[in-house]
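**Q** One structure is given below, represented as structure tokens, and several questions about it will come after.
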Amino acid sequence: MPDLRAMFAQIDNMEDEIIALHRDLVKIPSVNTGFMPTGDETPVCEYVRDFLAEDGIDSEILGRTPERGNIISRIEGRNSDARLMFMSHTDVVPVEEEEKWTFPPFSAQIHGGRIYGRGASDCKGLLAAQIMAMRLIKRNNITLRDSLILCSGADEEHGGRYGFGWLAENYPEKITAPFAVNEGGGTPIEAAGGLTYILGVGEKGRLQIEFTVKGISAHASVPWQGTNALYRLSQVLGRIENYEAERDTSTSLFAHLSNFAIEHKPSPENVDEIIEEVSQDNPRFASMLTALSRMTITPTMINGGVKSNSVPEQINLTCDVRTLPHQNDEYLRGELDKIISGIPGVTYEIDYMAVPNSSEFDTELTAHIQGATALALERDDIQWVPAISTGFTDSRFTRPLNVITYGFSGSHPDDDPMLSRAHGTDESVGIASLISGTKIMLALACSICGAD
């Protein structure tokens, strides 16, 4: 086993190089609007390929279309079979109101120990840490027993049809290993008794509901001759706003609330009371408990009407829905039917972007992550709590391939996760988290893949 502490010192001395790498990635505007043509992730892949090639690491870029590449890089071990895969994605969400940003969203400006830019935290921070960990393995002439894969996919922000979803369907052998580490966890959270990390073992389902609300058109000067679809839409929105989702405490996080000095055994009957108590001192954790204890239905887009002087005949409403692991299609349809019950002219269609998915918590990968993190942070007081993510990631494509996949970014314990603002204005990543993430990814690869 190499001297990891000496290599951690190298990483500390390479801070400027790690920052430069991350800034270069952020400056490439790989924006995914969800509507083709979009994304343009291939330039990010080409940058990563060239960066790793400087140390002799081979890569290939595969894509459903040439401009939407996915990069797969490998460090070959004595055993050609891979044992660990580093996962991330190269696309970023659009910037809605650039004038609200403190710094231009693709400038990768450094301020207050953070790097600002769209994609800085989601997900180019993790990508930078994983790339640098691979480069350090080669720079230090470390031989691995088992091979290491890095795969950074396109189109994660709009379903993965050009990214990991496409790879899983067409090249599953290239993204298969016993273990994988991706986004979707690994942030510190306040808890009683010491430092606690959330390990992302699964995800809520993500669906898009398209409601169609129909009326009867008429001239706006005689609206009574028609039926205004907007009024029916207002009823639908009112039902959604007042919807009381069934409470549920079956996900893994609720079995570990004692780590957070919560002595009540959580149940559907008392979970709201627990959340209210937690929110006073830890609003971020309270928000997580809220999301993981119920299905959410959120209106996000409305489209309809043809002219300002015409009563609209049809309005389309798009809603984002996040389901818990046991909430299947039958359950969802039952809840949606309750919402629209008695409102004429309303129908809906369901587009499944991601089904709920998870990996077991008590695995060899858990032990390796725990050991790597303790070593990199020089902490022996770390507690670990499994949880499912409120959002979806590309992990839903690797878990069906029998790849145990966890979300773990290796954020620094002093880095406030609320400042990352993923998908929001002034998205950023802490430089300390880039450094700690690089150390943890390096230690994890050496541990799992057997470094000499």
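**Q** How much net charge surrounds A128 when only other residues with a Cβ under 11 Å from its Cβ are counted (Lys, Arg +1; Asp, Glu -1)?
**A** +1
**Q** Measure off, as a whole percent, the carbon and sulfur share of the 1.4 Å-probe accessible area of region 209-284, all protein chains present.
**A** 49 percent
**Q** Show which lysines lie in cross-link reach of K307 when reach means a straight Cα distance below 19 angstrom and same-chain residues fewer than eight apart are skipped.
**A** Partners within reach: K214.
**Q** So, one more: Report the one residue of T65, F51, S30 whose Cα lies farthest in the direction of the positive end of the charge dipole of region 1-88 (charges on C-beta: Lys and Arg +1, Asp and Glu -1; origin at the Cα centre).
**A** Farthest towards the positive pole: T65.
**Q** Applying a 10 Å radius around every beta-carbon, put 145-154, 381-390 in order of their mean neighbour count, most first.
**A** Averaged packing, sorted descending, gives the order 145-154, 381-390.
**Q** Then there is this: With an 8 Å cut-off on Cα pairs and a minimum separation of 6 or more residues, tell me the relative contact order of region 182-315 in percent.
**A** Here the relative contact order equals 32 percent.
**Q** A follow-up question, please. Please give the peptides 220-226, 126-132, 306-312, 351-357 ranked by average Cβ packing (other Cβ atoms within 10 Å per residue), highest first, as a rough proxy for protection.
**A** So the order, starting with the most tightly packed, is 126-132, 351-357, 306-312, 220-226.
**Q** Starting from the amide H of Q109, placed 1.01 Å from N in the peptide plane, find each other amide H under 5 Å away whose residue is 5 or more places distant or on another chain.
**A** HN-HN under 5 Å from Q109: Y116.
**Q** Report, in deg cm²/dmol and to the nearest 500, the calculated mean residue ellipticity at 222 nm for the chain, where each DSSP H run with n ≥ 4 adds -39500 (n - 2.57) and the sum is divided by the residue count.
**A** -9500 deg cm²/dmol
**Q** Taking a spot 7 Å from the Cα of N141 along the direction of its beta carbon, which residues of region 415-452 have an amide N less than 17 Å from it?
**A** In region 415-452, the label zone of N141 (backbone N under 17 Å from the point 7 Å along Cα→Cβ) covers 451-452.
**Q** Mind listing P(r) for region 42-117? All alpha-carbon pairs, 5 Å bins, whole percents.
**A** 3, 12, 16, 17, 16, 15, 10, 6, 3, 1, 0
**Q** With every protein chain present, what is the per residue accessible area of the chain (1.4 Å probe, Å²)?
**A** About 42 Å² of surface per residue is accessible.
**Q** Would you give the gap between the C-alpha center of region 174-243 and the C-alpha center of region 308-347, rounded to a whole Å?
**A** Between the Cα centres of region 174-243 and region 308-347 lies a distance of 11 Å.
**Q** To the nearest 20 debye, what charge dipole does region 109-248 have about its Cα centre, counting +1 at the Cβ of each Lys and Arg and -1 at the Cβ of each Asp and Glu?
**A** Around 460 debye, computed over region 109-248.
**Q** Right, something else. For region 134-209, what is the relative contact order in percent, using Cα pairs closer than 8 Å and at least 6 residues apart in sequence?
**A** Value for region 134-209: 13 percent.
**Q** Counting only DSSP beta bridges with both residues in the chain, what percent are antiparallel, rounded to the nearest 5?
**A** 70 percent
**Q** When we measure straight from the Cα of K100, which lysines land under 24 angstrom away, once same-chain ones fewer than 8 places off are left out?
**A** Here the lysines satisfying the reach criterion relative to K100 are K27, K124.
**Q** Leaving ligands, DNA and RNA out of it, report the carbon-plus-sulfur percent of the accessible area of region 359-448 at a 1.4 Å probe.
**A** Roughly 48 percent of what the probe reaches on region 359-448 is carbon or sulfur.
**Q** Computed from these coordinates, which is mean projected area of the Cα convex hull in nm²: [x] 22.9; [y] 27.1; [z] 24.5?
**A** Checked against the structure: label [x].
**Q** What's the ranking of 257-267, 421-431 by average number of surrounding C-beta atoms within 10 Å, highest first?
**A** The densest-packed peptide leads the list: 421-431, 257-267.
The values are calculated or read from the model by the stated rules, or taken from the named source; none is laboratory data. No experiment lies behind these values; they were computed from the predicted model shown. Neighbour counts are summed over all protein chains in view; Cβ atoms, including those assigned to glycine, are modelled from backbone coordinates with ideal geometry. Surface accessibility is based on the protein's heavy atoms, side chains included, excluding ligands, DNA and RNA. Shrake-Rupley method; radii C 1.70, N 1.55, O 1.52, S 1.80 Å.
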